[in-house]
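Working notes for the structure below.
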Amino acid sequence: MKDWGPQRIAHAVGGRLLGAEPPLAGPLRVVIDSREVTPGDLFFGLVGAQDDGGRFATRALEAGAWGVVVGPHFASRVPGGVVIESQDPLRSLQALARAWRRELAAQVIAITGSTGKTSTKDILSALLAPHRRTVASPLNLNTEIGLPLAILAAPAGSEVLVLELAMRGAGQIAELAAICEPNIGVIVNIGPAHLEQLGSLEAVAAAKAELLAALPPGGTAIIPADEPLLEAHLPSGPRIVRFGTGGDVSVTATTDEGVELDVCGAPRQLEPGFRSAHLLSDLCAAVAAAEAIGVAVEGELAIELTPLRGERIELAGGVTLINDCYNANPLSMRAALAELGGDAGAVRRIAVLGDMLELGAAAQGFHAALGEQATDARVLILVTVGALAGLAGETFVGGDHFHAADAEEAANLLAPLLQRGDLILVKGSRGVGLERVARRLVLMRAGS
């Protein structure tokens, strides 16, 4: 937006430009934290539950901000500089992101799902990067605040935006889709996540399907082939592409050379660097999205998955850690345990499983089922963390079960049990903090 002047910015955000001398060039970056302001930034003073970011507007300008967008209470108090008064700075941030998305005229691919959103985004970005100027939303910029920041970080000339959309309740995907205006919508899966807010899988499917309703005529909806809960929500305008077994894009074989796919009747061979079933499903969704914008992919892929999402770390002493502790729900837990059980190279399989949060009344049953899934995965040592996860010990057979009240206790308990050849899965909801277990294991084994 470096060519956008104050009047244009004010119009785009729906605000009122107060008296100011216009800078020579438009803003270089958008920030919401005054401590991160560098010369040329446009600062938005968002209103939070505890504070109003508008009170930091003067500090932002003193740090060299191009200008500030703040609420009426603080707008008139800012001495000098480009000041734009907004009745709702968050809505203004979202409006500016929508205006920039339209200015870019890029293809926008929006991805949502109960699990696997980030992995699908990572894979799709790797598929597109050699062929299109592609920008993907970084880390967890997938909310009503993060998504606009991800869009506004896209440089001029971007051809494809790959954006992740998070959902906590009904109406939120529709809100995010109205900001990014996707051409292509990908629903990775429907699973028992956020049941505390939504109550049922049918409600989860309806909330995710808000993405499909936002697609334009001529757009593309990419959905799992085996998800009947979405069938009632399929729009009539966009093209429907199904991925997975029996779908338009599916895996037909895995070989030493890579993965063979059927892509709408055309055979393809890829070398993605992984073989796990849930990542291959994500690969099919990503390939379908790439094909939808005319990118046909084949051969070796350079895919770098976001940390904490199934990354494998080789520890000292011949121990392998699967660090998958970014988040968890019953669908992702089942997939992670299935991958653990399918690893033929493991001498012993160890699972450190934490509570899965926001499951409502069904929480106890889902946690008890983890013990059966760990048994099926041939886990020899199960460490549960948290009151709910402890229920898995009641259904776990064939190995030793240890329970820890928190992540620190789990790390201390597990460290002396490890042996050469162990394969350890660490997974739980982010609120449990199991990244501390993974971190301690890395440090402990490094010093062994």
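Annotations for the structure displayed:
- Taking the range 21-54 as the range and being of a type in the set (Asp, Glu) and within 28 Å of the chain's Cα centre (by Cα) as the test, the residues that pass are 33, 36, 41, 51, 52.
- Residue 369 under 24 Å from residue 116 (Cβ atoms), surrounded by 23 or more Cβ atoms within 10 Å (Cβ to Cβ) and at pLDDT 95 or above: no
- Flag if residue 125 is part of a helix (DSSP H, G or I), within 22 Å of residue 222 (Cα to Cα), small (Gly, Ala, Ser) and in the same structural domain as residue 188 (by TED's automatic domain parsing): yes
- Set 369, 316: member being touching a Pro at 6+ places or on another chain (Cβ under 9 Å) and not charged (D, E, K, R): 369
- Selection count, the range 135-165, where residues are within 24 Å of residue 206 (Cα to Cα), surrounded by fewer than 19 Cβ atoms within 10 Å (Cβ to Cβ) and of a type in the set (A, V, I, L, M, F, W, C): 2
- A single member of 102, 132 is among the charged types (D, E, K, R) and not in a helix (DSSP H, G or I), and it is 132.
The rows are residues; the columns are (1) outside any loop (DSSP other than H, G, I, E, B); (2) outside the structural domain of residue 288 (by TED's automatic domain parsing); (3) out of contact with any Pro (no Cβ under 8 Å at 6 or more places or on another chain); (4) under 20 Å from residue 301 (Cα atoms).
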residue: 139; (1), (2), (3), (4): no, no, yes, no
residue: 150; (1), (2), (3), (4): yes, no, no, no
residue: 157; (1), (2), (3), (4): no, no, yes, no
residue: 162; (1), (2), (3), (4): yes, no, yes, yes
residue: 170; (1), (2), (3), (4): no, no, yes, no
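- For residue 146, the test of being under 30 Å from residue 358 (Cβ atoms) and at pLDDT below 95 is failed.
- Looking across the range 352-393, the residues that are assigned to a helix (DSSP H, G or I) and touching a Phe, Trp or Tyr at 6+ places or on another chain (Cβ under 6 Å) come down to 371, 374, 375.
- Just one residue in the set 277, 316, 232 is exposed (fewer than 15 other Cβ atoms within 10 Å of the Cβ), within 21 Å of residue 187 (Cα to Cα) and modelled with pLDDT under 90; that residue is 277.
- Filtered residues of the range 250-263 (kept if part of a loop (DSSP other than H, G, I, E, B) and modelled with pLDDT of 95 or more): none
- Of all residues in the range 295-313, those satisfying the criterion of being surrounded by fewer than 17 Cβ atoms within 10 Å (Cβ to Cβ) and closer than 17 Å to residue 339 by Cα are 311, 312, 313.
- Per-region count, the range 417-448, residues at pLDDT below 90 and more than 18 Å from residue 327 (Cα to Cα): 9
- Any hit, the range 253-267, residues being under 30 Å from residue 345 (Cβ atoms), among the hydroxyl-bearing types (Ser, Thr, Tyr), in contact with a Leu (Cβ under 9 Å, 6 or more places away or on another chain) and crowded, with 19+ Cβ neighbours inside 10 Å: no
- Some residue of the range 227-249 being of a type in the set (Asp, Glu), without any contact (Cβ under 8 Å) to a residue 12 or more places away in the chain and in a helix (DSSP H, G or I): yes
- Count - residues of the range 320-351 that are of a type in the set (D, E, K, R), surrounded by fewer than 23 Cβ atoms within 10 Å (Cβ to Cβ) and part of a loop (DSSP other than H, G, I, E, B): 1
- Which numbered condition residue 60 misses (of (1) of a type outside the set (Ser, Thr, Tyr); (2) in the same structural domain as residue 211 (by TED's automatic domain parsing); (3) within 21 Å of residue 28 (Cβ to Cβ)): (2)
- Annotation note: Cβ proximity below 9 Å between a residue of the range 200-218 that is in the same structural domain as residue 359 (by TED's automatic domain parsing) and a residue that is part of a helix (DSSP H, G or I) and modelled with pLDDT under 95 (sequence gap 6+ or interchain) occurs for no pair.
- If the condition is being of a type in the set (Gly, Ala, Ser) and either farther than 17 Å from residue 91 by Cα or touching a Gly at 6+ places or on another chain (Cβ under 9 Å) (or both), then the range 39-71 contributes 40, 45, 53, 54, 57, 60, 63, 64, 65, 67, 71.
The values are calculated or read from the model by the stated rules, or taken from the named source; none is laboratory data. Because the structure is predicted, anything quoted here is derived from the model rather than measured. With ideal geometry, Cβ positions are generated from the backbone for all residues, glycine too; neighbour counts draw on all protein chains shown.
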